[in-house]
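I have placed the structure first, in the form of C-alpha cells, so that the comments after it can refer back to it.
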Amino acid sequence: MFVAIVDYFMGNLRSVSKALEHVGLNVVITQDSDVIRKARALVLPGVGAFRDAVRNLKALSLWDEILRFIESGRPFLGVCLGHQLLFERSYEFGEERGLGVFEGEVVLLPTKVKVPHIGWNQVWKKRESKLLEDIKDGEYFYFVHSYHVLPKDMSIVVGTTDYGIDFVSAIEYENIFSVQFHPEKSQKAGLKLLENFKRVVLNG
C-alpha cells in the first residue's frame, strides 16, 4: 500500500514526500500512470502558474489519469496549486481550464493586501471534517499564493482564512481533500493534518 505524489515539474516534491513519510505513509513520487492506478491515495502538490501546471500534466498524459483516480473514490489530497486545479477555470495569465472536479473559479487575491500572500495565517473551521479533526480552530498554517478558489457550492468548504477577504483555504468532499496552504511547511499543525489524511487513507 502506497501513496503516489504526482511529479509534474511544479514545486519541491521532496518536502511533501518527507512529511508524508514522517507520519508513516509509504510514498512514491511518480509520473507513471500505471503507478498512479495502483496507489491507495494520490497527492497533487504544486507551486507556480496554473497554466504551466495544466500544460505539464497534459504533456505527461496525467490529466485524465488524475480524474479517473478521483472518480474511483480513493483518497485524494490537493495542495496549493493542486487545490486550485480542482476547479473549472483560472484567470492567472489569461483564462485556463482546470480539472473541473468542482464548479467555480480561481481568481487573484484583493489588491488592497500584499500579493503574493506569504507566511503564517489562521485557518478557521466552517464545519466538522476528517482533515481538520483535532486541529484547533484558528490554527496557523503556512501560505504562499497569489490566487484563491471561489467554489460555487460552499458546502464543500471546511476552512477559510482572512487576508483582505475571507478566502477558502480547505475543502473536503467525499474522497477529495484540498488545502491552499502548505502542510509540509506548517510544522506540528501540518503534520497533524497529514496524520488525519493518513487515517483516511488507512481506514476510509
Condition check for Val200: under 25 Å from Lys152 (Cβ atoms) and outside any strand (DSSP E or B): yes
Strands (runs of 3 or more DSSP E) fully within segment 115-191 counting 2 or more residues that are surrounded by fewer than 22 Cβ atoms within 10 Å (Cβ to Cβ): 117-125, 139-145, 147-151, 157-162, 166-173
Residues within segment 34-54 that are open to solvent by 10 Å² or more (accessible area, probe 1.4 Å) and within 17 Å of Leu99 (Cα to Cα), tallied: 5
Residue match in segment 42-49 (condition: at pLDDT below 95, among the β-branched types (Val, Ile, Thr), under 20 Å from Pro183 (Cβ atoms) and outside any helix (DSSP H, G or I)): yes
Cross-chain or 6+ apart pairs with Cβ under 6 Å, segment 82-101 first and surrounded by fewer than 15 Cβ atoms within 10 Å (Cβ to Cβ), then part of a helix (DSSP H, G or I): Phe93/Arg51
Scope segment 11-27; condition in a helix (DSSP H, G or I) and either open to solvent by 90 Å² or more (accessible area, probe 1.4 Å) or without any contact (Cβ under 8 Å) to a residue 12 or more places away in the chain (or both); matching residues: Arg14, Lys18, Glu21, His22
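The values are calculated or read from the model by the stated rules, or taken from the named source; none is laboratory data. All values reported here derive from a predicted model rather than from experimental measurement. Backbone-built Cβ (ideal geometry, glycine too); neighbour counts: all protein chains shown. These area figures cover heavy atoms from the full protein model, side chains too; ligands, DNA and RNA do not enter into them. Shrake-Rupley method; radii C 1.70, N 1.55, O 1.52, S 1.80 Å.
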